[in-house]
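This report concerns only the one structure given below.
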Amino acid sequence: NPLFKDPAKGNLHIKRASPCRNAGSNSALGLPSKDFDGQSRIIGGTVDIGADEYKPAEPWIPMLLLGD
């Protein structure tokens, strides 16, 4: 089970806990440079299995509002 986010609604992005994450081979023949969303094909060091490369959410960094 690749643990897609919501396959019933067509969301075939993989979840963080997917066994497909970092389980591919970076030396696979014909490995494209981008996934089906157009993002980098290798994120986190090793390519994911399948057409989607898992991309972690951007970290939330609070901004300090400084006075004049």
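The values are calculated or read from the model by the stated rules, or taken from the named source; none is laboratory data. Predicted, not measured: the structure shown is a model, and the values here were computed from it. Neighbour counts run over all protein chains shown; Cβ positions are idealised from the backbone, glycine included. Accessible surface is based on the protein model in full, side chains and every heavy atom, while ligands, DNA and RNA are left aside. Shrake-Rupley method; radii C 1.70, N 1.55, O 1.52, S 1.80 Å.
Observations, loosely collected:
- Scattering profile of the chain at q = 0.11, 0.12, 0.24 Å⁻¹ [log10 I(q)/I(0), Debye over alpha-carbon scatterers]: -0.34, -0.39, -1.07
- Distance in nm between pseudo-label sites at Ala28 and Ala51 (7 Å out along the Cβ direction from Cα): 1.3 nm
- Average accessible surface for the chain: 78 Å² per residue, computed with a 1.4 Å probe over protein heavy atoms with every protein chain in place.
- Once the C-beta distance of Leu3 and Ser40 is scaled by a Förster radius of 22 Å, the resulting FRET efficiency is 0.60 to the nearest 0.05.
- Carbon plus sulfur fraction of accessible area for the chain, probe 1.4 Å, in percent: 59 percent
- 3J(HN,Hα) couplings calculated from phi for segment 31-47 with the Karplus curve 6.51 cos²θ - 1.76 cosθ + 1.60 (θ = phi - 60°) are, in sequence order, 5, x, 7, 10, 8, 5, 8, x, 8, 3, 6, 10, 10, x, x, 10, 5 Hz; Gly and Pro show x.
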